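All of the numbers you see were taken from the coordinates with simple rules; none came from a lab. Since the model is a prediction, treat every value here as computed from it, not as a measurement. Glycine also receives a Cβ, built like all others from the backbone with ideal geometry; neighbour counts cover every protein chain displayed.
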Amino acid sequence: MHQKLIVPVAAVVLAMFLSACAGSTPTTGGATASGTPVPTTSSASQPGPPSPSMSPSAPGAAEPAPSVSTPAAPTDPLAAAAWDALMSPDGEYKASAEYQAVIDEFGPVEPYVSIQAAEERHIDALTRQLERLGVEVPPNPYTGTISAPADLQAAADAWAAEEVDNVALYDRLLAEVSGDTALTRVFTNLRRASQEVHLPVFEAAAANGGQLTREQMAGLGLR
C-alpha cells in the first residue's frame with residue numbers, strides 16, 4: 001500500500017516543480033528552457049534625458065519671483081489697464097522692488113540706484129491715473145518679497161530681459177486704452193523709458209560685469 005502512494009505523490013511534486021519553472025520567465029535578457037531568446041522588457045534602469053523642468057539653473061541666475069497676492073483689479077477697462085501696468089509681474093511695482101533688492105544686497109551701485117528711482121516716478125504716474133479713475137492704490141505688495149540674484153552680473157542679465165517684457169506689456173496695454181488720451185500718453189512715455197533708456201543701460205551693465213560707473217552712466221545720458 002505504501003508503494004502505491006509513493007508514485008502519485010512523487011508525480012504531484014514533479015508536476016509542481018515543472019510548473020514553477022515554466023512560470024518564472026526571465027524579464028531581463030536571457031532564454032527560456034526551450035532555448036528561445038527572451039527580449040528585455042524592463043527599461044526602468046535605463047537613464048532618460050532630464051526633464052526640462054528639472055534642469056538646474058545657471059550659476060548666479062536670478063531666483064524666480066515668489067507668488068505675490070495682489071488685490072483684485074478694477075472692473076472698469078481703463079482702470080484695469082492702469083492697474084495691470086502697476087501690479088502685474090511685468091509691471092512697475094515689481095520692477096521697483098527688484099531693483100531695491102539689489103541695492104539692499106550690494107549697496108548703492110549703478111545702474112540700479114538710478115533705475116529704481118525712475119521706477120518710483122513711473123509708479124507715481126500710474127498712481128495719479130488710477131486715482132483719476134476713482135481707484136484707491138495699495139502699497140507695493142512686492143516690497144520685501146524678492147531676493148537679489150547671486151551677483152550683479154546675473155542681476156543685469158535678468159533685468160535687461162525684464163525690460164523687454166515691460167515693453168511688451170505696454171504694447172498690449174496701449175491697444176486697450178486707445179480712447180483715453182491721458183493713459184495713452186502715460187503708457188507711451190513709460191514704454192519709451194523702458195525701451196530707450198532702461199534696456200540699453202542694463203545691456204551695458206551686463207557687458208560690464210553687472211554694474212556701471214558714474215562716467216559710464218553719464219555717457220548713456222544718465223546722471
Report the Cα centroid-to-centroid distance between the range 187-223 and the range 72-103 in angstrom, as an integer. 21 Å
Label-point separation, Thr127 to Asn208 (7 Å along Cα→Cβ), nm: 3.0 nm
Would you kindly state how much longer the chain becomes between Thr184 and Ala168 on full extension, computed as 0.36 nm times their sequence separation minus their alpha carbon distance, in nm to one decimal? 4.3 nm
For a quick check: with amide H placed at 1.01 Å from N, whose amide H comes under 5 Å from Glu110's, ignoring anything fewer than 5 positions away on the same chain? Leu212
Kirkwood-based shape ratio for the range 77-219, expressed as Rg/Rh from alpha carbons: 0.98
Starting from the Cα gyration tensor of the range 76-148, take the square roots of the eigenvalues, sort them a ≥ b ≥ c, and report rounded, prolate or oblate (rounded when a/c is under 1.5, otherwise prolate if a/b is larger than b/c, else oblate). prolate
Rounded to whole Hz, the Karplus (6.51, -1.76, 1.60) HN-Hα couplings of the range 213-223, x for glycine and proline: 7, 4, 5, 5, 4, 5, x, 8, x, 10, 10
